[in-house]
């Protein structure tokens, strides 16, 4: 969409703002806004959070797109609500998170009972000069992000301080223009958001297709015309008649659980030396990332847990059952307590084929069931060893791996294209918001034409 610029501009006089239309003002939060946040709350504990009660207690997790999901809000009793009258909400207020992920926004709309805030949110209520529907978009602009970045120089703490925030200067057109800008951005960002949602859905579908392709290949093979037989395993179903089905413990020559208990703790890690591999590498199947090390002396002490090329590593705590194969160019290192290591019988199974089978949906379902009821909701080597593996001949395993790689490249290219589309659309959305609220484009005619089109 091509939009005109205003006829005349003037310097805004503010570092984080570009030149503004000549008839616009520039004002600061402290001169235009009732700005309040909760400071403590007399010993409030989570035990006082209620499923229903006198007043809503709004937190940042209750923000849903542009508004607040009242159904998800906890509640508090009346005396807690009345503890602080300065942060009691009104219809039309604007809220912004000030801790952790700062800058999440929500408009207060549809209040059906009193409501107040937790300590992680600021309340903005205009006293003069603007409407909150417009400020909602101003605080999503690059101008506000630049202001926050400049204010955080020298600090790693993610926090928006009130004395800093109230100094934010923002462009102020007439109230009519503000409403036009808000209307324009509501409509145009909704279109972009729909396109982004479509691309994200496509990525999800492609990921599902990739998983389905792998699962079918390692349980049914590549030739749909071969005779099938019952595997004898309920969750595995039928497999090609010429395949065998073997427990994993009969396909490996060695299995090693990661260091136990206090034999390896993070206090023993060193700034450099030999790598410590864990779920950080196994889950994304990327052994180039991570920065945990142990000394040469500790490495020698823990030689039993050393990794070697083609070892199959499996995560057994937290995110369980994910498998990766150690690459040939791996840096020397050991596994941590959250992994187990297997060395396959090379004449029976390719390490990469076993990885593909372990990561397929049927195996993951098995691992989930195997972990239920264990003391720490993790896997042990006994349950892993009992996993039934659908096993083609070695030459067919190689063919399946070639097919998985080929399909993975094709699907990966489509996922990459969709991901780039999401990035470009997100950048376009941000640029549109910033241009509209800083007056770099004039949206008034566009809004008028849209209204005329609807009326016609």
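Please treat every number below as a calculation from the coordinates, not as lab data. Just so you know, these numbers come straight off a predicted model, no measurement behind them. Heads up, the Cβs are rebuilt from the backbone with ideal geometry, glycines too, and the neighbour counts pull from every protein chain shown.
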A student asked for the Cα radius of gyration and Dmax of region 382-456 in angstrom ought to give 26.4, 72
Mind giving me the nanometre distance, one decimal, between the label points for residue 319 and residue 119, set 7 Å out from Cα along Cα→Cβ? 3.3 nm
Any idea what % of Cα-Cα pairs in region 124-276 are farther than 28 Å? 65 percent
How many percent of the alpha carbon pairs in region 99-184 exceed a separation of 21 Å? 37 percent
Computed, not fitted: 222 nm per-residue ellipticity of the chain from DSSP H runs ≥ 4 (each -39500 (n - 2.57)), nearest 500, equal to -11500 deg cm²/dmol
Expressed as a whole percent, how much of the Cα-Cα distance distribution for region 310-456 exceeds 20 Å? 66 percent
So how far, in whole Å, is the C-alpha centre of region 4-40 from the one of region 107-154? 14 Å
Volume per residue (Å³) of the convex hull spanned by the alpha carbons of region 25-172 is 110 Å³
To one decimal place, what Kirkwood hydrodynamic radius in Å is obtained for region 223-391 from all pairs of distinct Cα atoms? 16.8 Å
Convex hull over the alpha-carbon atoms of the chain: what's its volume per residue in Å³? 228 Å³
Step by step: find N for region 213-302, compute 2.2 N^0.38 Å, then divide the Cα radius of gyration by it. What's the final number? 1.68
Can you tell me which of 213-223, 429-439, 255-265 comes out highest on packing, and rank the rest after it, using the mean Cβ neighbours within 10 Å? 429-439, 213-223, 255-265
Alpha carbon centre of region 436-451 versus region 196-242: separation in Å? 51 Å
So if each residue of separation counts as 0.36 nm, and I subtract the Cα-Cα distance between residue 345 and residue 280, what length gain in nm does that give? 20.8 nm
Averaging sequence separations of C-alpha pairs under 8 Å and six or more residues apart, then dividing by the length of the chain, give the relative contact order as a whole percent. 18 percent
Nearest-ten-degree value, helix 175-220 long axis tilted from longest Cα axis of the chain: 0 degrees
Counting pairs of alpha carbon atoms under 8 Å apart in space and at least six apart in sequence, what relative contact order in percent does region 223-391 give? 29 percent
Relative to the longest principal Cα axis of the chain, at what angle does helix 444-455 sit, 0 to 90 degrees, rounded to 10? 80 degrees
Going by average Cβ density within 10 Å per residue, which order do the peptides 236-245, 349-358 take, highest to lowest? 349-358, 236-245
Taking 0.36 nm per residue of sequence separation and subtracting the Cα-Cα distance, how much length would be gained by fully extending the chain between residue 192 and residue 176, in nm to one decimal? 3.3 nm
